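Here's the structure we're looking at; comments come further down.
The values are calculated or read from the model by the stated rules, or taken from the named source; none is laboratory data. All of these numbers come straight from a predicted model, not from anything done at the bench. Reconstructed Cβ throughout: ideal geometry from the backbone, glycine too, with neighbour counts over all protein chains shown. Accessible surface is based on the protein model in full, side chains and every heavy atom, while ligands, DNA and RNA are left aside. Shrake-Rupley method; radii C 1.70, N 1.55, O 1.52, S 1.80 Å.
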Amino acid sequence: LMEDRDDVEHVARCLGCPEQQATRVLEELEQFGLVTKTRSKRQWDTTPRGNQLAFHWHPPRVLRPAIDYEGG
């Protein structure tokens with residue numbers, strides 16, 4: 001997701017998919033409240049929730065056990 005807005009062509013290029021599929025992806029993201037349609041045709045704005053996910057989310061840390069139990 002771009003900081004200000006995305007258009008269908010940009011999303012299709014980034015995902016390596018047809019524009020019709022990129023439109024469906026954006027519609028699904030809209031269902032989750034991550035983007036909203038703009039007045040311009042084929043353009044979408046990123047919501048504050050989408051910005052938070054795109055720029056502040058980190059994957060969970062991987063925890064390794066301190067003691068490794070061997071099968072027995």
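Each listed q (0.16, 0.20 Å⁻¹) maps to a log10 I(q)/I(0) for the chain, found by the Debye formula over equal Cα scatterers with no solvent: -0.59, -0.82.
Once each of the trypsin sites (Lys or Arg not before Pro) sitting in a DSSP loop with at most 11 other beta-carbon atoms within 10 Å is removed, the chain keeps 1-38 as its longest stretch.
Report the longest stretch of the chain that contains none of the chymotrypsin sites (Phe, Trp or Tyr not before Pro) sitting in a DSSP loop with at most 10 other Cβ atoms within 10 Å.
Values: sites that count: W57, Y69.
For chymotrypsin sites (Phe, Trp or Tyr not before Pro) (loop position, at most 10 other Cβ atoms within 10 Å), the longest site-free span of the chain is 1-56.
Which helices count as membrane-span-like in the chain under these terms: full DSSP H, at least 27 Å along the axis by C-alpha, Kyte-Doolittle mean of 1.6 or more? Could you put the intermediate results ahead of the total?
Details: long enough: none.
None pass (Cα extent of 27 Å or more, hydropathy at least 1.6).
Ligands, DNA and RNA left out, the 1.4 Å accessible surface of the chain is 50% carbon and sulfur atoms. A cut-off under 9 angstrom between Cβ atoms defines the neighbours of T36, and their net charge, with Lys, Arg +1 and Asp, Glu -1, is -1. With the helix formula -39500 (n - 2.57) applied to DSSP H stretches of n ≥ 4, the chain reaches a computed 222 nm mean residue ellipticity of -12000 deg cm²/dmol. Scanning the chain for GluC sites (Glu not before Pro) in DSSP loops with at most 14 neighbouring Cβ atoms within 10 Å leaves 4-69 as the longest stretch between them.
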